[in-house]
């Protein structure tokens, strides 16, 4: 059984390591029977959700027998078919637990910062849609959201599920309520998942 640390060292976060990871997975897919362009097409949709989003993930190839059993395929004539299925598991780390704990203890901010962001986007011609689409990060635009929102983003792709699970295990006011926009521009109290989840989540 293999073991590995639940956290990366700071020096392990680099564009070079990202390129190496992508290259390794691509080579594995090709070794499993895919053509190079097929492997590349399989990796492209993962760029933002997996390769550039916070989190610790385990990827593995599923055996062909599993793929054929779960996703059966019938052909009208004989053909040489290669099927590759990649599994992925998102791992909950001590860092996730630390972030959840800090969110639960951080005083809730108003959404004044968000209104200011929108005004700045309008005044300076910032392409605000890129934030919603996850194509740029707040830091790329020189913007600094409140700490609890930065922590929320750092929880990764399954941030809402992590918050809901934490609430189930130990209900906490800091996790269960936060300010959210209303049609009148004021704020109301709603769940943190609903409030934070309606704001841009780059990465």
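At a glance:
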item: Qualifying residue in region 119-133 (condition: within 19 Å of residue 96 (Cβ to Cβ) and either modelled with pLDDT of 75 or more or part of a helix (DSSP H, G or I) (or both)); result: no
item: Tally of residues being within 21 Å of residue 67 (Cα to Cα) and in a helix (DSSP H, G or I) across region 5-35; result: 7
item: Qualifying residue in region 109-119 (condition: in the same structural domain as residue 157 (by TED's automatic domain parsing), closer than 23 Å to residue 146 by Cβ and in contact with a strand residue (DSSP E or B) (Cβ under 6 Å, 6 or more places away or on another chain)); result: yes
item: Where a residue in region 1-17 is under 14 Å from residue 93 (Cβ atoms) and its partner, wherever it lies, is at pLDDT 75 or above, with Cβ under 7 Å and at least six apart; result: 6/56; 6/93; 6/94; 7/93; 7/94; 7/95
item: Residue in region 28-45 that is loosely packed, with under 12 Cβ neighbours inside 10 Å and in contact with a helix residue (DSSP H, G or I) (Cβ under 9 Å, 6 or more places away or on another chain) present; result: yes
item: Scope region 89-116; condition free of Cβ contacts under 8 Å to residues at least 12 places away in the same chain and buried (at least 17 other Cβ atoms within 10 Å of the Cβ); matching residues; result: none
item: Test result for residue 56, modelled with pLDDT of 90 or more and within 18 Å of the chain's Cα centre (by Cα); result: no
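The values are calculated or read from the model by the stated rules, or taken from the named source; none is laboratory data. Since this is a predicted model, take the numbers as computed values, not measurements. Heads up, the Cβs are rebuilt from the backbone with ideal geometry, glycines too, and the neighbour counts pull from every protein chain shown.
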